[in-house]
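To keep things clear, I will list the structure first and then write my remarks on it.
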């Protein structure tokens, strides 16, 4: 862990961000007291958008009108 004074952090922010991205934890101090930390980002947990590409099939009639009896059921009408 590296501790950097606030003034130096202002002048070298880009370099410090690169160091944090490389896995280092940088502590930013003001008047000798730790005030903040730059830490590496964690990788997102969860599936990416598009992860199911090619695994799902949408039928050609997907957006075709529903049959009247099924539509009536969705609308709460008696058959």
| remark: Residue pairs qualifying under the 8 Å Cβ cut-off, at least six apart or on distinct chains, with the first in the range 40-68 being without any contact (Cβ under 8 Å) to a residue 40 or more places away in the chain and the second being surrounded by 10 or more Cβ atoms within 10 Å (Cβ to Cβ) and assigned to a loop (DSSP other than H, G, I, E, B), are 40/24; 40/25
| note | Those residues of the range 12-37 which are without any contact (Cβ under 8 Å) to a residue 24 or more places away in the chain and either assigned to a loop (DSSP other than H, G, I, E, B) or under 12 Å from residue 2 (Cβ atoms) (or both) amount to 12, 15, 16, 19, 20, 22, 23, 24, 31, 32, 37
| request: For the range 57-77, indicate whether the set of residues that are modelled with pLDDT under 90, within 29 Å of the chain's Cα centre (by Cα) and either part of a loop (DSSP other than H, G, I, E, B) or surrounded by 10 or more Cβ atoms within 10 Å (Cβ to Cβ) (or both) is non-empty. | output: yes
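The values are calculated or read from the model by the stated rules, or taken from the named source; none is laboratory data. Quick caveat: nothing in here was measured; it's all calculated off a predicted structure. We place every Cβ from the backbone using ideal geometry, glycine too, and count neighbours over all the protein chains shown.
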